[in-house]
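Notes follow the structure.
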Amino acid sequence: MRVPEHETGAQWSPSREVGDFLRRFREQIAQRWADATLFRTVFTVSRDEAVEACKVVIDALSVVAASERIEDIEAPGFAVVREQLGRMSASHVRMGRTPAQIANEVAALRVPVTDLLAAESRDLPTERVQRTTLALTVLMGTLRLAVMETTLTEGEELIDRQRQQLLEFATPVIKLWDGIVAVPLIGTLDSARSQVVMESLLEAVVAQQARFAILDITGVPTVDTLVAQHLMKTVAAARLMGAECIVSGIRPAIAQTIVHLGIDLGSVVTRATLADALALALRRQGTGAAVGVSAEVDPT
């Protein structure tokens with residue numbers, strides 16, 4: 001934002017005056033901001049750390065103001081702001097604070113700065129003070145937008161990490177016997193979860209040196225073409241790792257669905273229950289008799 005040349009002949013700009021103000025009163029602003037909720041809730045051990053973090057943000061804002069890009073969220077100076085406040089936003093998100101709460105905390109930073117500007121500008125012309133205050137308000141509004149953008153990004157990344165963790169928790173790999181592991185699947189098996197299943201199972205095959213891996217789908221409500229493809233890929237991947245894969249939990253209704261869909265599971269060893277699959281694995285491993293499992297020759 002530019003105005004006509006001042007009576008002294010020097011080019012004057014409200015934005016540059018804001019930048020000069022931020023540099024000159026850097027310490028006072030940092031001391032006031034350090035007690036604001038946005039900084040206080042993150043830097044709980046040392047207030048000095050909060051003050052230094054405030055100074056980093058103030059320096060970045062002064063650079064933006066000097067460049068007269070106070071309305072441009074992509075201004076180079078805001079990169080530093082995103083880096084500093086991004087880490088703080090991530091901490092706030094992890095603490096359960098909502099984007100609206102964080103936005104209000106950023107908005108609260110404006111009052112101490114505008115109050116200080118008003119106190120230090122008492123002797124300046126009213127119009128000049130108004131223009132400078134407006135430029136500072138615009139700059140603080142753009143700061144709020146930059147922080148909100150970073151906060152929403154951090155929130156999405158946190159949700160993605162939590163979703164991934166839930167998938168892993170919902171897909172445990174259980175060691176049933178020496179050389180035998182099992183994955184009891186419960187719920188819908190989509191592409192994202194099937195990838196977790198495959199990775200978890202293969203990691204367990206390597207870690208446990210398993211010869212047999214059982215995929216139990218008793219808790220999977222429906223089996224369609226997509227689910228069948230996921231199962232086939234997992235079975236194939238386990239074989240490449242040297243483990244034989246057995247699919248258990250084939251209930252009558254699911255068996256009929258598979259037949260009606262024309263899905264070919266002929267190359268996959270299947271059993272009706274997890275117990276049947278474990279018995280088969282024990283027999284093929286030669287330990288069935290030792291644990292009381294029938295040692296009859298298995299036709300498969």
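A few points about this structure:
- Antiparallel bridges, percent of DSSP beta bridges restricted to the range 174-291 (to nearest 5): 20 percent
- Counting Lys and Arg as +1 and Asp and Glu as -1 over every other residue whose Cβ lies under 13 Å from the Cβ of residue 74, the net charge comes to -1.
- Listed by Cβ neighbour count within 10 Å, with the fewest neighbours leading, 56, 220 appear as 56, 220.
- Taking amide H atoms as placed 1.01 Å from N in the peptide plane, the amide H of residue 214 lies under 5 Å from those of 181, 182, 183, 246, each 5 or more residues away in sequence or on another chain.
- Annotation: the residues 233, 55, sorted from fewest to most other C-beta atoms within 10 Å of their own C-beta, follow the order 233, 55.
- Cα centroid separation, the range 24-54 to the range 203-219 (Å): 53 Å
- Taking a Cβ cut-off of under 13 Å around residue 227, the surrounding Lys, Arg, Asp and Glu residues balance to a net charge of 0, with basic ones at +1 and acidic ones at -1.
Values in this text are rule-based calculations from the coordinates and carry no lab data. Keep in mind that what you see is a predicted model, and the values were worked out from it rather than measured. Because the Cβ atoms are built from the backbone with ideal geometry, glycine has one as well, and the counts that use them run over all protein chains shown.
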